[in-house]
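For reference, the structure discussed in these notes is given below.
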Amino acid sequence: MDNSKLEQLLSDESFVLWLKGEASPGQKERWDVWLQEQPGRRQLVADARVMMQALEREHELPDPHLELQKLNQKIDQAERASSSQAGAAPGLYHRRRIAPVAAGIVFLVVLLGGVFAYQAYPSYQQSIESTAEKTQTTPVKEYETDYGEKLTFRLSDGSRIVLNANSELRFSSRIEEGLNTEVWLKGEAYFDITHLEDEQQRTFTVHTDNGSVQVLGTRFAVNTFRGRTQTVLEEGEVSVRVRDEDTGKPNEYLLEPGEMVQFKAYDNKIAVKQVNTRVYTSWKEDKLIFEKTPMEEVARRIEDTFGVEVVLSSKFSKEKLSGSIKSDNIEVLREALEKILRTEIVQRGNKLLIGDVTQN
């Protein structure tokens, strides 16, 4: 496998679109001809497709309760073996001391390391106390996406998190009468959190610079672009909290499905309105849905997702857009917008010019 050639091909946006079957007619013709020129390129295409699928694969996060149970069983086995040689009392002391450490490590493996830390799980069992000392200074795991990129995390309880482009997500957890999961978000993410019952019940909290969003089990999206936090609820219940600058106490609001709230840190104002949630969550399906959306808002969405500056001509600055557009790459989005708006859209460097901007 020629890795350098594969990297070069996969960095070509038109090639990736062609692999996905989403290329324009011109792009498709170009790559079809390229493939036919040399039969040996078929293997290169097959390798590229495998690599692309691997890069897009979701991160699987194992079930923390199951892994803790497995680790406790291993500890029990080790203690029984130790007790038969040196007596039971030292083993009992060792168990009391090691159990909290084991629990903490398992949840770090599950929520901070994801599938990659899970693959290294035997090493945690072999040197559990030395690893515990290291975890006290290990930074919280961070995930970042570039412009035009998305990343999906899936927990084994069925929960799913989709991190949108130009965003950052940090994971942490702690054990306090059940599993209390916390994440820190900058940018935009969609959360589909499974509701757990009885002893498995836990809270799930999304922290932003402006406040926090707390749930038990629900589907919602959070966006922190433009200096404020926006939360849209599809299903279930979420509670948003923003701290009052004067009193220091949190102002709280409980959302109902179909509602969107916006708030800023220390503002103490939580703006609420009814919305079509698909307008704010369709990005996770690689498309943008608009419903009489002002073009200025459409422009902001494009800027936040693809990192370009959108310049609107005066003709379109007050326009409102309705419809659905593919949003997996900026070229496809630009061509779709041209058809909807019936105008030329030109990209010059880091600027996207919509309409005749010389008339502004």
Test: residue in the range 346-354 that is part of a loop (DSSP other than H, G, I, E, B) and not assigned by TED's automatic domain parsing to the domain that holds His207: yes
Condition check for Thr305: among the polar types (S, T, N, Q) and outside the structural domain of Leu352 (by TED's automatic domain parsing): no
The range 174-210, subset hydroxyl-bearing (Ser, Thr, Tyr) and under 13 Å from Ser159 (Cβ atoms), residue modelled with the highest pLDDT: Tyr190
Filtered residue count, the range 248-271, keeping only those that are surrounded by 15 or more Cβ atoms within 10 Å (Cβ to Cβ) and under 19 Å from Arg228 (Cβ atoms): 13
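To keep it simple, each residue is scored yes or no on (1) within 30 Å of Leu163 (Cα to Cα); (2) surrounded by fewer than 15 Cβ atoms within 10 Å (Cβ to Cβ); (3) at pLDDT 55 or above.
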site: Gly21; (1), (2), (3): yes, yes, yes
site: Gln27; (1), (2), (3): yes, no, yes
site: Trp31; (1), (2), (3): no, no, yes
site: Leu55; (1), (2), (3): yes, yes, yes
site: Pro64; (1), (2), (3): yes, no, no
site: Gln85; (1), (2), (3): no, yes, no
site: Ala89; (1), (2), (3): no, yes, no
Lone unmet requirement of (1) of a type outside the set (A, V, I, L, M); (2) modelled with pLDDT of 50 or more; (3) touching a strand residue (DSSP E or B) at 6+ places or on another chain (Cβ under 9 Å); (4) not assigned by TED's automatic domain parsing to the domain that holds Thr224 for Tyr118: (2)
Given (1) touching a strand residue (DSSP E or B) at 6+ places or on another chain (Cβ under 7 Å); (2) surrounded by fewer than 19 Cβ atoms within 10 Å (Cβ to Cβ); (3) within 22 Å of Phe191 (Cα to Cα), number of the condition Ser327 does not satisfy: (2)
Tally of residues being under 21 Å from Ser159 (Cα atoms), touching a Pro at 6+ places or on another chain (Cβ under 6 Å) and surrounded by fewer than 23 Cβ atoms within 10 Å (Cβ to Cβ) across the range 211-244: 1
Selected residue (criterion: surrounded by the fewest Cβ atoms within 10 Å (Cβ to Cβ)) from residues of the range 330-345 that are closer than 22 Å to Val16 by Cα and either in contact (Cβ under 8 Å) with a residue 12 or more places away in the chain or over 30 Å from the mean Cα position of the chain (by Cα) (or both): Glu335
Filter result for Asp267 (on the phi < 0 side of the Ramachandran plot and outside the structural domain of Arg226 (by TED's automatic domain parsing)): no
Given (1) under 25 Å from Val162 (Cα atoms); (2) surrounded by 15 or more Cβ atoms within 10 Å (Cβ to Cβ), index of the condition Leu353 fails: (1)
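The values are calculated or read from the model by the stated rules, or taken from the named source; none is laboratory data. It should be emphasised that the depicted structure is a prediction, and the values quoted were computed from it without experimental measurement. Every residue, glycine among them, receives a Cβ derived from its backbone with ideal geometry; neighbour counts consider all protein chains shown.
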